[in-house]
Amino acid sequence: MVLILRGELKKEWADKDVFAHVQQLDGEVIRDKEGRQTLKFDCAGKNYYRKLHTGIGWGEIAKNFSQLKMPVLGAANEWLAINKVGNLGLDTLNAVAYGQRGRNPARQLSFLVTEELSETLSLAVYTEQWPQKPPSLKEKRALISKVATITRTIHQAGINHRDLYICHFLLDQSVSAQQNKLQPRLFLVDLHRAQIRKKIPHRWLVKDLASIYFSSLDIGLTQHDVLRFLSVYFDAPLRDTLSKRQKLLATITRRAIKLYRRDFDRMPQLPWHYTSR
């Protein structure tokens, strides 16, 4: 058994049977599917989110392995990823409680509690009006550079997100942030499927980068915007990147198109379509 409590919950839950208490919490159910329930609750006047994992069963585990995917067996994955991302100096969720009990991976009980991120907005929602109401060039460049920097940082540290769409970057909307839009603060969230290795395999690198590209295709980006992302992400002269990364860039483009056609049943209008020579 593993149990870790931090912050206010360390005091509030000190005398409780934490595993029993976590399962009996009252609150608003946000998600309840495939052995994982997300619930918003209040404790001592503060909002939290509890993710409770009760196991996905051997059938789902076998299905994941047959598809060459690593199954998410419990809350440990997200707990480790949040801590790793935070240790890199990036903004993410603040995890304040984690517990795991049981040895059977198909029926293991585990949970994660994070503090609510208030005054934030999904980057997907924030940018959806850009085609009609473009932001200033400086603000757009700052956000693109920030997303590229976060992505480069986690990839260099051996972390691939597996769901790296722009909706999983939350933009700080506090008063102080509104006053300084040229230095945006972005929180990277939804890390429950993230993987951590010494080096990211090619297929997962492509998936992360294609997911960002795909989820940005309808927000009014230009070729210059895409090239700015590449320049920051690869941290190298753009000429060298376009010359040395031809195959990778072409693969990312094809994957982004495939995702778009899957979701919208039509071809996207690409700001920049790269094909290897």
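Only the coordinates and a few stated rules stand behind these numbers; no lab work does. The structure presented is a predicted model; accordingly, all values stated were derived computationally and were not measured. Here Cβ is always computed from backbone atoms with ideal geometry, including for glycine, and neighbour counts include all displayed protein chains.
With the simple spin-label model, which puts each label point 7 Å out from Cα in the Cβ direction, the residue 270 to residue 15 separation comes to 6.4 nm.
Taking other Cβ atoms within 10 Å as a rough exposure proxy, 266, 185, 50 sort from fewest to most as 266, 185, 50. Placing dummy labels 7 Å off each Cα toward the beta-carbon, the span from residue 88 to residue 138 is 2.9 nm. How high is the FRET efficiency from residue 227 to residue 182, r the C-beta distance, R0 25 Å, rounded to 0.05? Efficiency, rounded to the nearest 0.05: 0.80. The order of 79, 272, going from fewest to most other C-beta atoms within 10 Å of their C-beta, is 272, 79. In the structure shown, do any of 181/207; 16/46; 40/199 have a Cα-Cα gap over 26 Å, and if so which? From the list (181/207; 16/46; 40/199), the Cα-Cα distance tops 26 Å for 181/207; 40/199.
Of 152, 103, the sequence from fewest to most neighbouring Cβ atoms within 10 angstrom is 103, 152. Our helix-only sum for the chain, with -39,500 (n - 2.57) per DSSP H run of n ≥ 4 divided by its residues, gives a mean residue ellipticity at 222 nm of -12000 deg cm²/dmol. Estimated at 0.36 nm per residue, the fully extended path between residue 157 and residue 246 surpasses their Cα-Cα distance by 29.7 nm. Can you give the angle from 0 to 90° between the axis of helix 246-264 and the longest principal axis of the chain, with both taken from C-alpha atoms, to the nearest 10? Once rounded, the angle reads 60 degrees.
Classify segment 120-264: rounded, prolate or oblate, from the alpha-carbon gyration tensor (a ≥ b ≥ c, eigenvalue square roots; a/c under 1.5 rounded; otherwise prolate if a/b is larger than b/c)?
It comes out rounded by the Cα gyration axes.
Any idea what % of Cα-Cα pairs in the chain are farther than 23 Å? In whole percent, the long-distance tail amounts to 58.
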